[in-house]
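**Student:** One structure is given below, represented as structure tokens, and several questions about it will come after.
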Amino acid sequence: MKNSILTIILVFVVVCAFYACDNNGVGQPLATHLKVESSEYNVNIGAVGVDTTVATVRWIDMSSSYILRLSNTKNSNQLILSDKSKAAENNIRVLTFTDSQLLDYMNQMVLSANDADTLNLKITGIRSDGVADSVSTAINVSFLK
């Protein structure tokens, strides 16, 4: 009786370890919804000689592909951005924006470079099974004079 209970416990532990780890033995987080690190980013853009990163958007990497849509609060123009996000540690995706990228996106959406504006970034993740999930974050842009 004691041996059969011990065998059942051992099988249970092996099965749990098999499903909890990937091939490298690293634990896999069980994210069920797409989550972004921050719901709002404040960006100051000024006359700087060097193109610098002004916003870094991070989210849990749980999908096989992403659609990135950038819109604004002043008009109905929106852009579909190419997914230039990169995989980071701990199952995280990272997308950086430079000041020249944001200025270019704002010009494409016919926004003035003199006014502060809020850009909305909507990230839609499409899993390998076809299920889609999305999350949005705001990028508040102001210009230093």
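We did not get these values from a lab; they are worked out from the coordinates using the rules stated. All of these numbers come straight from a predicted model, not from anything done at the bench. We place every Cβ from the backbone using ideal geometry, glycine too, and count neighbours over all the protein chains shown.
**Student:** For Asn140 and Arg127 in one chain, what is 0.36 nm times their gap in residues minus the Cα-Cα distance, to one decimal in nm?
**Tutor:** Details: separation 13, 0.36 × 13 = 4.68 nm, distance 2.92 nm.
Fully extending the segment from Asn140 to Arg127 adds 1.8 nm.
**Student:** Here is a further query. In the range 36-145, how does Rg compare with the Kirkwood Rh, expressed as the Rg/Rh ratio over alpha carbon atoms?
**Tutor:** Values: Rg = 14.3 Å, Rh = 14.6 Å.
Rounded to two decimals, Rg/Rh equals 0.98.
**Student:** With only Lys, Arg, Asp and Glu charged, each at its Cβ (+1 for the first two, -1 for the last two), find how big the charge dipole of the range 31-143 is about the Cα centre; round to the nearest 20 debye. Please list the in-between numbers first.
**Tutor:** Working: 9 positive and 12 negative charges, 45 e Å.
The dipole of the range 31-143 has a size of about 220 debye.
**Student:** Something else: Can you spot the lysines whose alpha carbon is less than 20 Å from Lys74's alpha carbon? Ignore those fewer than 8 places along the same chain.
**Tutor:** In chain and number order, the partners are Lys122.
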